[in-house]
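The values are calculated or read from the model by the stated rules, or taken from the named source; none is laboratory data. If you're wondering where the values come from, they're calculated on a predicted model, not measured in any experiment. Note that each Cβ is placed from the backbone with ideal geometry, even for glycine, and that neighbours are counted across all protein chains shown. Only protein heavy atoms, including side chains, enter the accessible area calculation; ligands, DNA and RNA are left aside. Shrake-Rupley method; radii C 1.70, N 1.55, O 1.52, S 1.80 Å.
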Amino acid sequence: MPSDEIRAALIRRLCISSAIADEDIKEIEALPISVRQYPAETAVVRDGERATDCCLIADGFCARSKTIASGKRQILSLDIPGEIPDLMSLFLHVMDHDLSTLTPATLGFISHEALLKLHRRRPVLAEMFWRDTLIDAAMFREWIVNVGQRPAPARLAHVMVELRERLRIIGRVDEGSFEMPLTQEQIGEALGITAVHANRVIRQLREEGIVELYRGRVTVIDERRFLELADFDDRYLHQSPTL
């Protein structure tokens, strides 16, 4: 994938939540980006490392996670094309979590030096990136509530609805289905339950005629019950400059 397509993915992402002027688009288009291909389940940057670049997802899925001393892992987020999941490394110099690919991925790397120069030269763009990190924080808050307060079937439904809404805005939802390329073990790590429990929850949603998850793809069977179960309010995604 050429670097200009990767820049276009970033511009589309910023336009979702912010009003962006033509001159700022030109500045982003001039950013130097190094494109790399990563296989699935590969570390991009690890907990404790010092990153020198920010990673823009051009294609594929990534996840952020924390692993405790016992080896158990908590997935903290699912990250999709157009997002910069390690933007905080621009100012937090040592990573405090892992960023890894879930699927084969095309990633564009923008040096911290280039981004800092852009921020100082174009304060309006700096505000847009700041807003992007604040939206990221809002999503983390919702994930905490989801894992801490909802029963497991509602947790899974909520993660699915959120992912669908984020994929919809970038044109990656096909009628009633969309990608969610997670194994049962990874679903358990995202929901704070075991892989065995995750299997039971997936089966329950299918048997109740609400949603089907098969080979990394979600198909919604009953939209009304799906939304009711998820208890979903999309305000925290801030998918408009007015929110």
- Using a Gaussian network for the chain with springs between C-alpha atoms less than 10 Å apart, which of these wobbles most: Ala69, Ala152, Ala137? Ala69
- With springs only between Cα atoms under 10 Å, which of Gly148, Gly60, Gly82 fluctuates most in a Gaussian network model of the chain? Gly148
- Task: Could you rank the peptides 158-168, 83-93 by their average count of other C-beta atoms within 10 Å per residue, with the highest value first?
- Result: 158-168, 83-93
- Message: What number comes out for accessible area per residue over the stretch 108-199 if the probe is 1.4 Å? Units Å², please.
- Response: 45
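Per the Kirkwood treatment, what hydrodynamic radius in Å, one decimal, follows for the chain from the mean inverse distance over all distinct Cα pairs?
18.6
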- Message: Sort Trp143, Trp130 by heavy-atom solvent-accessible area, probe 1.4 angstrom, most to least.
- Response: Trp130, Trp143
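Out of every Cα-Cα pair in the stretch 137-201, what percent are more than 15 Å apart?
53
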- Message: Contact order normalised by length for the stretch 7-117, with contacts defined as Cα pairs under 8 Å and 6 or more residues apart; what percent is it?
- Response: 39
- Query: On the accessible surface of the stretch 1-127, probed at 1.4 Å, how many percent belong to carbon and sulfur atoms?
  - Reply: 53
- Just by accessible area at a 1.4 angstrom probe, what is the order of Arg215, Arg172 from largest to smallest? Arg215, Arg172
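How large is the convex hull of the Cα atoms of the stretch 171-243 per residue, expressed in Å³ as a whole number?
Enclosed volume per residue, from the Cα hull, is 117 Å³.
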- Dipole moment magnitude, nearest 20 debye, the stretch 119-243 about Cα centre, only Lys, Arg, Asp, Glu C-beta charged: 420
- Å³ per residue of the Cα convex hull, for the stretch 89-184? 147
- Query: Over the chain, what is the relative contact order in whole percent, taking alpha-carbon pairs under 8 Å and six or more residues apart?
  - Reply: 21
- At Ala21 and Asn199, where each label point lies 7 Å from the Cα along Cα→Cβ, what is the point-to-point distance in nanometres? 5.8
- Query: Which number comes out as Rg/Rh for the stretch 113-243 once both Rg and the Kirkwood Rh are worked out on C-alpha atoms?
  - Reply: 1.06
- Task: Give me the percent of Cα-Cα pairs in the stretch 1-85 that sit more than 22 Å apart, rounded to a whole number.
- Result: 35
- Among Ile75, Ile57, Ile28, which one moves the most in a GNM of the chain with springs linking Cα atoms closer than 10 Å? Ile28
- Note on the structure: Computed over all unlike Cα pairs, the Kirkwood hydrodynamic radius of the stretch 64-109 in Å stands at 12.0
- Query: Taking 0.36 nm per intervening residue step and subtracting the Cα-Cα distance, what contour gain separates Ala43 from Glu185 on full extension?
  - Reply: 49.4 nm
- Local charge sum around Thr219 (other residues, Cβ-Cβ under 12 Å, Lys/Arg +1, Asp/Glu -1)? -2
- Query: Using alpha-carbon positions, what is the distance between the centroids of the stretch 1-55 and the stretch 205-243, in Å?
  - Reply: 28
- Message: Suppose each label sits 7 Å from its Cα in the direction of the beta carbon; what would the Asp4-Asp96 distance come out to in nanometres?
- Response: 4.1
